[in-house]
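Asks: Structure incoming, see below.
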Amino acid sequence: MELAKVFGYQVLDSRGRPTVAVNAALSDGSTHTARVPSGASTGAHEAKELRDAKTGFTERFYGGKSVYFAVDNINKIIAPAITGLAPDPTNIDAILAKLDPSDDHHTLGANATLAVSLAVTKAGAHAAGKSLARYLQPTGNLLIPMPMVNILSGGAHANRTLDIQDVLVLPHGATSFTEALSWIVAIRELAVIKGKKYGATHLIADEGGLGIAFPSIDAACEFVTSCISEIGLKVESEVSIALDIASTEFFDNGKYNLQTIGSDFTSSQFVKFITKLVNEQPIISIEDPFAEDDWAAWQEFMDVAPKNLQVLGDDLFTTNMARLERGITDSCANAILIKANQNGLVTSTKDVLDKAASVNFKTVVSARSGETEDSWLADLATGWRAAQIKVGSTHGADRTAKWNRLLELEATEDCEFAKPF
Ligand code: PGA
Ligand code: ZN
């Protein structure tokens, strides 16, 4: 079977902003569509998505955020190079890497390369007669990841109701994905009811979390902890808290500026602040506690962090092999967030995940704050045997598409359920 037609076009993401979609048609008449996500708190070292304001393309609407230049790159440069070839992701990704040899895919745009890479991977699964998850894991067991789910949102996703970006829950005591999700929905429903006390209405943030203004990070953690215990679940042995500090967003001139408490901190002071927080709250995972290039603070923290704490690099690593290797050598973290669009290709994203797993780093496959109704992330995480998955909350079709696909995989394929802790 071969790629009969590869066609890119512009669609909208969950924020109503343009993003790239690709249809990969096969010679058997089937068509395989992939849509790519987009971040808001993007790391400086991510692969570069192309938006028309940066390319000189003029567009009356969308404030320069249209992606017609990236779409043109697909239709004029990539499609002619791969049409007629077998839908083999390894080969097609190698061709994409040759067409745009820049490290960060800024020539064609990572939104163009990833959309093609994903559509070809879906087409490859179809040609092999397999589900996408099974295609990505041809021999071993499929592993449904443990969900890490957003209850409260702040930072760039919620008009800075909190300094930090996410207060999430990890239902690590659940014995199936179905059970884990039911616990999370119950926690979120109680959070909606209890949250009304903190203001007449709450904001629904970009990833579906509740934007409630709390006076401190501790107060936000205590609120979520009370929701967990009030529905009858055991804090720490069944459900723990995870935070995405997204600290690069408030790191300026060498200082961490926490607006809600009106203080700023040097790196060493912020290491102490974070250490106190993780020791006093039932926190099992902390993401981006320090800024993307503040490697020394990450190292200092690893020396004093509780041994069972997951220290997770998102903007620190940006799903980039060289940055991950530096983090391993310098002992800066023990877990990595994996976002395919930070990398730009499916196969090289998998290489980063494999490298992390080979040194016993925990792997957390993640969505972006701007998502689509596409559900490929669930298959990637399950086929790649990631320990955890982070998709945002349980609100909005862009989020539930991934949860529902995981429910489908659990119901229809022979899968294990991850026990990440
Ligand atoms: P982003 O947020 O997609 O806006 O970067 C997600 C995250 O930081 O984990
Ligand atoms: Zn993050």
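Asks: May I ask what percent, to the nearest 5, of DSSP beta bridges between residues of the chain are antiparallel?
Replies: Expressed as a percentage, antiparallel bridges in the chain total about 55.
Asks: Please tell me the relative contact order of the chain in percent, rounded to the nearest whole number, where contacts are Cα pairs under 8 Å and at least six residues apart.
Replies: That works out to 20 percent.
Asks: Distance cut-off 22 Å, Cα to Cα: go down the list Lys54/Lys122; Lys339/Lys362; Lys234/Lys419 and report the pairs above it.
Replies: Lys54/Lys122
Asks: Regarding the stretch 374-421, what's the average projected area of the Cα-atom convex hull, expressed in nm²?
Replies: Orientation-averaged projected area of the Cα hull: 3.4 nm².
Asks: Here's something else I'd like to know. Given the whole protein assembly as supplied and a 1.4 Å probe, what does the accessible area of Tyr198 come to in Å², nearest 10?
Replies: Approximately 120 Å² for this residue.
Asks: Moving to a separate point now. Cα centroids of the stretch 12-54 and the stretch 277-309: how far apart, whole angstrom?
Replies: For the stretch 12-54 versus the stretch 277-309, the Cα centre distance is 32 Å.
Asks: Any chance you could check the Cα centroid distance between the stretch 172-201 and the stretch 313-382 for me, in angstrom?
Replies: Centre-to-centre (Cα) distance: 27 Å.
Asks: At 1.4 Å probe size, with every protein chain present, just tell me what the per residue accessible area of the stretch 310-421 comes to in Å².
Replies: 30 Å²
Asks: Follow-up. With a sphere of radius 15 Å drawn around the Cβ of Phe273, what net charge do the other residues whose Cβ falls strictly inside it have (Lys, Arg +1; Asp, Glu -1)?
Replies: With Lys, Arg at +1 and Asp, Glu at -1, the net is -4.
Asks: Could you tell me the center-to-center distance, by alpha carbons, between the stretch 60-78 and the stretch 90-151 in angstrom?
Replies: Distance between centres, Cα-based: 21 Å.
Asks: Taking the highest mean first, how do the peptides 25-34, 114-123, 247-256 order by number of other beta carbon atoms within 10 angstrom per residue?
Replies: Output ranking for 25-34, 114-123, 247-256: 114-123, 247-256, 25-34.
Asks: Run down the aspartates and glutamates and flag those whose C-alpha is under 16 Å from the C-alpha of Lys76, throwing out any fewer than 8 positions away in its chain.
Replies: Asp100
Asks: The chain: D in µm²/s via Stokes-Einstein (Kirkwood Rh, Cα pairs, 4 °C, 1.567 mPa s)?
Replies: It comes out at roughly 60 µm²/s.
The values are calculated or read from the model by the stated rules, or taken from the named source; none is laboratory data. Bear in mind that the values here come from a model prediction, so they are computed numbers and not experimental data. Note that each Cβ is placed from the backbone with ideal geometry, even for glycine, and that neighbours are counted across all protein chains shown. Surface areas here come from the heavy atoms of the whole protein model, side chains and all, with no ligands, DNA or RNA. Shrake-Rupley method; radii C 1.70, N 1.55, O 1.52, S 1.80 Å.
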